[in-house]
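Below is one structure, written out as structure tokens, with a few remarks after it.
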């Protein structure tokens with residue numbers, strides 16, 4: 001099996017599929033097949049990992065090459081309006097797409113709107129970089145799938161979910177994982193033009209405009225529509241040829257995660273997606289607001305990206321930035337996954353101008369994000385508000401699960417307020433939620449700081465992270481054990 005993993009060829013696929021049916025050989029068989037035949041690898045992987053009846057039915061339909069049965073299993077037709085929707089497939093999206101040969105299925109049924117919608121959602125999920133990086137390595141034909149999805153996108157019903165998903169795909173093609181696939185010259189730009197032309201049509205534009213104004217929908221729909229308004233044109237606003245150095249602050253779909261990251265493009269291609277595909281770019285507050293990308297005579301090491309599991313688990317992407325005459329040089333790369341890149345050299349005047357432009361461009365921000373920045377800055381300007389209660393290390397950010405709510409985080413420990421805390425002493429972490437009340441961000445920030453200053457902030461917030469013994473030592477009840 002070790003030899004087959006390293007040296008296996010197409011003629012070994014039948015043998016490996018048979019070995020994959022044996023429990024002890026399943027994982028190495030999949031590892032070997034992943035290099036030779038992704039479709040066979042996905043079939044073996046799925047066969048060994050699920051006994052659910054509809055998964056078995058799907059495998060049987062794929063094995064006998066019954067594309068109609070495969071489509072019907074992927075898209076079960078509801079028998080009645082009251083029927084619950086089918087449960088999500090218990091399969092990673094890239095493996096599912098590989099098993100059913102999704103791009104080929106779309107070409108077989110190009111007029112099936114439901115199939116186009118499913119493929120669009122699966123492709124957007126595959127391109128997501130936050131958890132373990134994009135899943136394109138688990139799918140053998142990502143570019144044909146992009147082409148099939150874009151070709152069929154005009155069949156989708158213009159609604160908020162479809163609009164947001166198509167915008168996500170466009171952003172990915174422009175400056176994400178989709179941009180670094182091996183596209184023929186000009187083809188990626190053609191797909192972007194096709195998506196941009198579709199989303200410019202009145203029916204699509206009206207969906208987002210109505211939701212952004214409220215339109216009787218949910219608060220989450222309003223936030224999502226306003227995200228589309230802020231983000232929707234960025235992937236299509238190309239300026240002739242690729243810039244040697246370009247910065248884009250990208251906010252992902254708030255219905256999915258609402259992640260904020262700084263994406264760095266060199267000659268039109270994103271560096272993080274090329275060099276550290278399991279990571280996301282650093283927040284603009286670090287790279288732009290704190291000026292970490294500015295170049296000086298003294299070299300500065302800068303973290304450009306991190307993985308969702310944290311730097312201590314899977315590392316991070318670092319580069320050393322310095323000014324050298326009329327150029328800014330990036331070299332000394334650390335954490336690169338794959339071949340080590342050479343030094344990048346940028347014209348210093350153009351480089352400084354691009355950083356200034358990106359730092360001043362706040363169009364990507366939304367209200368809760370601005371409110372969070374103002375709260376954090378206000379508390380840094382008035383450290384006594386928290387220091388009086390031995391609290392500090394404040395931060396504020398929009399909530400992951402509700403981009404309209406601000407989460408204010410701070411820590412408490414003896415001596416923290418005066419700067420004399422014992423390094424290994426007890427400490428507690430608190431979070432306080434500040435919902436959007438509709439007033440301007442500055443008014444909301446001022447109100448939040450007044451509330452924190454009015455009394456002990458530890459009893460305004462909730463205890464979130466602590467060791468049980470630390471909570472008991474400092475007189476705070478463990479969550480769930482408060483007295484009635």
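Among the residues of the stretch 429-459, those identified as free of Cβ contacts under 8 Å to residues at least 24 places away in the same chain and over 31 Å from the mean Cα position of the chain (by Cα) are 447, 450, 451, 454, 455, 459. Exactly one residue among 273, 286, 295, 237 is under 30 Å from residue 159 (Cα atoms) and surrounded by 15 or more Cβ atoms within 10 Å (Cβ to Cβ), and that residue is 273.
Restricting the stretch 364-403 to residues that are assigned to a loop (DSSP other than H, G, I, E, B) and modelled with pLDDT of 85 or more leaves a set whose member that is surrounded by the most Cβ atoms within 10 Å (Cβ to Cβ) is 390. Against the criterion of being farther than 21 Å from residue 127 by Cα and touching a helix residue (DSSP H, G or I) at 6+ places or on another chain (Cβ under 9 Å), residue 265 does not qualify. Could you run through the stretch 154-164 and say how many residues are buried (at least 22 other Cβ atoms within 10 Å of the Cβ) and either touching a strand residue (DSSP E or B) at 6+ places or on another chain (Cβ under 8 Å) or within 18 Å of residue 102 (Cα to Cα) (or both)? Count: 0.
Could you tell me whether residue 414 is over 20 Å from residue 462 (Cβ atoms) and either crowded, with 20+ Cβ neighbours inside 10 Å or in the same structural domain as residue 434 (by TED's automatic domain parsing) (or both)? Show your work before the answer.
Working: over 20 Å from residue 462 (Cβ atoms): yes; either crowded, with 20+ Cβ neighbours inside 10 Å or in the same structural domain as residue 434 (by TED's automatic domain parsing) (or both): yes.
So residue 414 fits the description; yes.
Out of the stretch 10-30, which residues are surrounded by 17 or more Cβ atoms within 10 Å (Cβ to Cβ) and touching a residue at least 24 places away in the same chain (Cβ under 8 Å)? Break it down into steps so the answer makes sense when it comes.
Here is the first cut: in the stretch 10-30, the ones surrounded by 17 or more Cβ atoms within 10 Å (Cβ to Cβ) are 12-13, 16-17, 19-20, 25-26, 29-30.
If the condition is that a residue be surrounded by 17 or more Cβ atoms within 10 Å (Cβ to Cβ) and touching a residue at least 24 places away in the same chain (Cβ under 8 Å), then 12, 13, 16, 17, 20, 25, 29 are the ones that fit.
Looking across the stretch 304-314 at every residue that is surrounded by fewer than 18 Cβ atoms within 10 Å (Cβ to Cβ) and in contact (Cβ under 8 Å) with a residue 12 or more places away in the chain, the one that is farthest from residue 339 (Cα to Cα) is identified as 308. Residues that are under 17 Å from residue 284 (Cβ atoms) and in contact with a helix residue (DSSP H, G or I) (Cβ under 8 Å, 6 or more places away or on another chain) were ranked within the stretch 315-361; the one that is surrounded by the most Cβ atoms within 10 Å (Cβ to Cβ) is 317.
For residue 409, are the conditions met, namely being within 22 Å of the chain's Cα centre (by Cα), within 30 Å of residue 468 (Cα to Cα) and in a strand (DSSP E or B)?
Values: within 22 Å of the chain's Cα centre (by Cα): no; within 30 Å of residue 468 (Cα to Cα): yes; in a strand (DSSP E or B): yes.
Taking the combined requirement at face value, the residue does not satisfy it.
The values are calculated or read from the model by the stated rules, or taken from the named source; none is laboratory data. Since the model is a prediction, treat every value here as computed from it, not as a measurement. So basically every Cβ, Gly included, is an ideal-geometry build from the backbone, and we count neighbours across all protein chains shown.
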